[in-house]
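One structure is given below, encoded as structure tokens.
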Amino acid sequence: MDVDSGDITPPLPTEAVDAGPEPMPFEDLPTIEEAPAAPAGLEAVYDVPVKVQAVLGRARMSVAELMQMRPGHVVELDRKVGEPVDIFVNNRLIARGEVVMIDNALGVTLTEIVRQED
């Protein structure tokens, strides 16, 4: 028996098709001015000083090489130009960034936050 593909039609659904869950209404996020303050209790540590370092690179040398250094001596570092610098807070690596110039002063633009596994 020959069946023409035009003769086959799928049955129509007799129930309403479930369109999925309704979208959740979300409130607008607050602006920075409206953002909530830091968790209670953290205000006590805001004035605690920390040591922040931007490390351009490292070099190893002997004491003899160190004693021979004079003004104008160049110390070759283990990084290339354009590589990110490491940002340490209290001797713990927390970020990497790029060196920038701000009004004749050096600064660092953070490009990566480092997550350390404990």
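Nothing in this text is a laboratory measurement; each read-out follows from the coordinates by a stated rule. Model, not experiment: these values are computed from the prediction. Because the Cβ atoms are built from the backbone with ideal geometry, glycine has one as well, and the counts that use them run over all protein chains shown.
Around the Cα centre of segment 44-118, unit charges on the Cβ atoms of Lys, Arg, Asp and Glu (plus for the first two, minus for the last two) sum to a dipole of about 220 debye. Across segment 44-118, C-alpha contacts under 8 Å between residues 6 or more apart give a mean separation that, scaled by the residue count, equals a relative contact order of 27 percent. The value obtained for segment 44-118, namely the Cα convex hull volume divided by the number of residues, is 181 Å³ per residue.
Here is the list for segment 43-97: GluC sites (Glu not before Pro) lying in DSSP coil, each with at most 13 other C-beta atoms within 10 angstrom of its C-beta, are GLU76. Taking 0.36 nm per residue of sequence separation and removing the Cα-Cα distance, the VAL74/ALA105 pair yields an extension gain of 9.1 nm.
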